[in-house]
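> Can you keep this structure in mind? I'll have questions shortly.
The values are calculated or read from the model by the stated rules, or taken from the named source; none is laboratory data. The shown structure was predicted, so the numbers you read here are calculated from the model rather than taken from an experiment. Virtual Cβ from ideal backbone geometry, glycine too; neighbours counted across all protein chains shown. To get the accessible areas, we keep the full protein, side chains included, count just its heavy atoms, and leave off ligands, DNA and RNA. Shrake-Rupley method; radii C 1.70, N 1.55, O 1.52, S 1.80 Å.
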Amino acid sequence: MDIKRVENLINSNKLTSWEQGFCESIHDQLKRGRKLSAKQVNLVHKIEGNVAKLVVGYDQWVKQWDEEKRKLWNIAMDYYEQNRPYFSSEVMKRKDARREEREYIPPQRTFKKVIENKYIQKIINELEKKPAFEPGSMVALRAGVRPADLPDSRILYREIKELKTTPLFVMAVLDSVGSSAKGAREYSILPAGWTRTLKIQERHIKKAK
């Protein structure tokens, strides 16, 4: 097996996460001078066939790429960027593209595999629901909230105790979720007397009395 063929597959940007990992493993074996098994060679041939089909249909798929598909893809990638290692190669491809100020459009089969995943479907359904709280609403933390429930905000235990008796104001309803749990839509809130906002999931707040 020619190592260049495997490198072409790795750099094609048309592999699934599993295929990417498999090809990188094969590349490592070839670099070390190890011989591939017949099964491994057959799998490389199968992946080459899949990529060839994608190349033929990719231009047509790109023409179908619209704002709705872009929104769903970014919802999924935002989730997997926070919940690794699933689809980590796709997360990295999006990150690299953004760094180079271009857009990464995944192959159609990759898009379908990611978006039709049951966890992403839960997230999409959650974001399609009407938010429980609107900007300007006053809310309060639920009794069981812990610092770990606000990981992005780096809240300390003593601050949680303070926040449970502090009025909180909803500044924005975010198009993101913190997990695949029910009520995971995220909000930006501002505690009374604070100068920094916090990010919190809907399930961790309630209407203030």
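> Taking region 107-119 as the search range and keeping residues that are modelled with pLDDT under 90 and open to solvent by less than 80 Å² (accessible area, probe 1.4 Å), which one is nearest to S17 (Cα to Cα)?
T110
> State the number of residues belonging to region 49-83 that are modelled with pLDDT under 85 and either of a type in the set (K, R) or open to solvent by less than 60 Å² (accessible area, probe 1.4 Å) (or both).
9
> A further question follows. Does K93 qualify as being within 14 Å of the chain's Cα centre (by Cα), of a type in the set (K, R) and either open to solvent by less than 70 Å² (accessible area, probe 1.4 Å) or farther than 23 Å from S180 by Cα (or both)?
Yes, satisfied.
> Just to be sure I understand, how many residues within region 137-187 are of a type in the set (S, T, Y), under 24 Å from N74 (Cα atoms) and modelled with pLDDT under 90?
Of the residues in that region, 4 qualify.
> For region 152-173, name all the residues that are open to solvent by less than 90 Å² (accessible area, probe 1.4 Å), over 13 Å from A192 (Cβ atoms) and within 26 Å of the chain's Cα centre (by Cα).
Result: D152, S153, I155, A172, V173.
> Residues of region 17-44 being open to solvent by 70 Å² or more (accessible area, probe 1.4 Å), in a helix (DSSP H, G or I) and over 21 Å from P85 (Cβ atoms), which ones?
Passing the criteria: K31, A38, K39, N42.
> Consider L127 against the criteria (1) open to solvent by 70 Å² or more (accessible area, probe 1.4 Å); (2) within 18 Å of V173 (Cα to Cα); (3) touching a helix residue (DSSP H, G or I) at 6+ places or on another chain (Cβ under 7 Å): it satisfies all of them except one. Which criterion is unmet?
Only one criterion in (1) open to solvent by 70 Å² or more (accessible area, probe 1.4 Å); (2) within 18 Å of V173 (Cα to Cα); (3) touching a helix residue (DSSP H, G or I) at 6+ places or on another chain (Cβ under 7 Å) is unmet by L127, namely (1).
> Is there a residue in region 159-174 that is touching an Asp or Glu at 6+ places or on another chain (Cβ under 6 Å) and either closer than 30 Å to P85 by Cβ or among the hydroxyl-bearing types (S, T, Y) (or both)?
Yes, the conditions are met somewhere in region 159-174.
> Can you pull out the residues in region 3-16 that are under 27 Å from the mean Cα position of the chain (by Cα), surrounded by fewer than 19 Cβ atoms within 10 Å (Cβ to Cβ) and part of a helix (DSSP H, G or I)?
Scanning region 3-16 gives E7, N8, I10.
> Quick one: in region 194-209, of everything that is more than 18 Å from L127 (Cα to Cα) and in contact with a Ser or Thr (Cβ under 7 Å, 6 or more places away or on another chain), which residue is surrounded by the fewest Cβ atoms within 10 Å (Cβ to Cβ)?
Of everything passing the filter in region 194-209, T197 is surrounded by the fewest Cβ atoms within 10 Å (Cβ to Cβ).
> Please state which one of K53, K63 is assigned to a helix (DSSP H, G or I), without any contact (Cβ under 8 Å) to a residue 60 or more places away in the chain, within 19 Å of A97 (Cβ to Cβ) and among the basic types (K, R).
K63
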